[in-house]
Amino acid sequence: MKEKIQQYISEIQNTSIEKFNDKAAEVEMFRVKYLGKKGIISELFEEFKTVPNDKKKEMGQILNQLKTAAQQKIEEFKAFVEEQGDAGPALDLTRPTDFSVLGSRHPLSVVMNEIVDIFARIGFTVAESGEIEDDWHLFSALNFPPDHPARDMQDTFFVEKEEGKQEVALRTHTSSVQVRVMEHSKPPIRIIAPGRVFRNEAISARAHCIFHQVEALYVDKHVTFADLKQTLLYFAKEMFGEQTKIRLRPSYFPFTEPSAEMDISCNICGGKGCNICKGTGWLEILGCGMVDPNVLEACGIDSKEYTGFALGMGVERMAMLKYQIRDLRLYFENDLRFLRQFDGIV
Ligand code: DAH
């Protein structure tokens, strides 16, 4: 018994309040453990009754020593808690926090949003439709002849291509959105259609099988090529800066007549000629034209009453020119060293 008591005494003396987390609560637990009704000391006093008379004096003294040690320790703890206040768990509130890493928008989203925004300012609203399309919306309604190469497996990912069945494919361009919109709404129509498109291409620095386009369509009474040209000039200046010049080159698309391709003056060399514009001073930006009357009719719009213009551009190319990105594959690899360069751009 004597040894046991001495062990308790040293245990009490070695207990330090520093180790307590919730100090007030643990001081109370400490008190109950030693001095509670069923605590260690009251049990020892029970045991004391059985101590032979000749040992009682010595044992009584040491037992009292234990009681005093426990009481003193508790007083000391209580004084400490009172002085410090009960700060609860030992937290250092002045420590710097771990900064949470914020993500950033993907450069393609940044550019796509910017294009949509520029057109929204002149009254265009966003239209969307599915990434899986049937032959009608992808090709036939857009005046593609039956033998057009885009209808070939070499160029298009077909989901269903069976004799006698309507062919279904991953859309090869966002021009299909034009058809969907015109089928279901009456002019005036002013839409902008951003989205993902798919083509059966080998992946390289300059080509990818998945990419993004933005399509715009305006159909109303008396829409002319002059409206198209002014819209293009406005867009080029908003996107690439006030000093930007545009030029239109005749081109061909099945769904527009006449068709054109638009170049902008090179925003890197200012038109003097550099390796980005291959010395020409011009950069090819988009395809456009007046909506072919066949397309209007296929979508149920009277081509004698209405005319329209359409344009379509590749988002990857716009972002490449805007941020001087040299390799298309960077967009899809999700390398954080690349993506972090767009931190803070909204
Ligand atoms: N759909 C064409 C493409 O994928 C882009 C295009 C060109 C869209 C001319 C148009 C347009 O609306 O008028 O290459």
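The table that follows gives values for the structure above.
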{"item": "Qualifying aspartates and glutamates (Cα of each under 13 Å from Cα of Lys186; at least 8 residues distant if same chain)", "result": "Asp220, Glu297, Asp302, Glu305"}
{"item": "Total charge dipole magnitude, the chain, about the Cα centre, Cβ charges on Lys, Arg, Asp, Glu only, Debye to nearest 20", "result": "1320 debye"}
{"item": "Mean accessible surface per residue for the stretch 39-133, computed with a 1.4 Å probe while every protein chain stays in place, in Å²", "result": "69 Å²"}
{"item": "Segment Ser10-Lys304, extension gain: residue separation times 0.36 nm, minus the distance between their alpha carbons", "result": "95.3 nm"}
{"item": "Chain lengthening between Ile203 and Asp327 when straightened (0.36 nm per residue, less Cα-Cα)", "result": "43.6 nm"}
{"item": "Paramagnetic reach from Phe158 in the stretch 111-140 [backbone N under 18 Å; point 7 Å along Cα→Cβ]", "result": "132-140"}
{"item": "Largest-first principal axis extents of the Cα set of the stretch 13-133 (Å)", "result": "106, 37, 20"}
{"item": "Additional length obtainable on full extension of the chain from Ile210 to Asn113, 0.36 nm per residue less Cα span", "result": "33.1 nm"}
{"item": "The stretch 114-235 shape via C-alpha gyration tensor axes, a/c threshold 1.5", "result": "prolate"}
{"item": "At 1.306 mPa s and 10 °C, Stokes diffusion of the chain via Kirkwood alpha-carbon radius, µm² per second", "result": "60 µm²/s"}
{"item": "Overall form of the stretch 254-346 per C-alpha gyration tensor (a/c, 1.5; a/b vs b/c)", "result": "oblate"}
{"item": "Lysines whose Cα lies under 22 Å from that of Lys245, excluding same-chain neighbours fewer than 8 positions away", "result": "Lys229, Lys237, Lys272, Lys278, Lys322"}
{"item": "Förster radius 41 Å - calculated FRET efficiency between Glu58 and Lys33 (Cβ-Cβ, nearest 0.05)", "result": "0.95"}
{"item": "Highest-first arrangement of 93-105, 14-26, where packing means the average Cβ count within 10 Å", "result": "14-26, 93-105"}
{"item": "Rounded accessible area per residue of the stretch 146-300, 1.4 Å, Å²", "result": "50 Å²"}
{"item": "Theoretical FRET efficiency, 1/(1+(r/R0)^6), r = Cβ-Cβ of His222 and Glu183, R0 22 Å, to 0.05", "result": "0.45"}
{"item": "Those lysines that a straight Cα-Cα span of less than 28 Å connects to Lys23, excepting residues fewer than 8 apart in one chain", "result": "Lys4, Lys33, Lys37, Lys38, Lys67, Lys73, Lys78"}
{"item": "Using a Förster distance of 51 Å, the FRET efficiency for Lys49-Glu82 (Cβ separation, nearest 0.05)", "result": "0.85"}
{"item": "Selected from Cys299, Gly287, Gln324, residue furthest toward positive end of dipole (the stretch 286-328; charges at beta carbon)", "result": "Gln324"}
{"item": "Kyte-Doolittle at least 1.6, axis length at least 27 Å by Cα - qualifying DSSP helices, the chain", "result": "none"}
{"item": "Of all accessible heavy-atom area on the chain, the percent that carbon and sulfur account for (1.4 Å)", "result": "51 percent"}
{"item": "Residue (of Pro187, Tyr34, Phe158) at the positive-pole extreme of the chain, dipole from beta-carbon charges", "result": "Tyr34"}
{"item": "Global geometry of the stretch 2-59, whether rounded, prolate or oblate, following the gyration tensor of its Cα atoms and the 1.5 cut on a/c", "result": "oblate"}
{"item": "Spin-label model distance (nm) - Glu257 vs Glu3, 7 Å beyond Cα toward Cβ", "result": "11.1 nm"}
{"item": "Heavy-atom SASA rank of Thr244, Thr125, Thr307 (probe 1.4 Å, accessible area, largest first)", "result": "Thr125, Thr307, Thr244"}
{"item": "Relative contact order [Cα under 8 Å, 6+ residues apart], the stretch 1-123, whole percent", "result": "35 percent"}
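The values are calculated or read from the model by the stated rules, or taken from the named source; none is laboratory data. Model, not experiment: these values are computed from the prediction. Virtual Cβ from ideal backbone geometry, glycine too; neighbours counted across all protein chains shown. Just the protein is used for accessible areas: all its heavy atoms, side chains included, with ligands, DNA and RNA removed. Shrake-Rupley method; radii C 1.70, N 1.55, O 1.52, S 1.80 Å.
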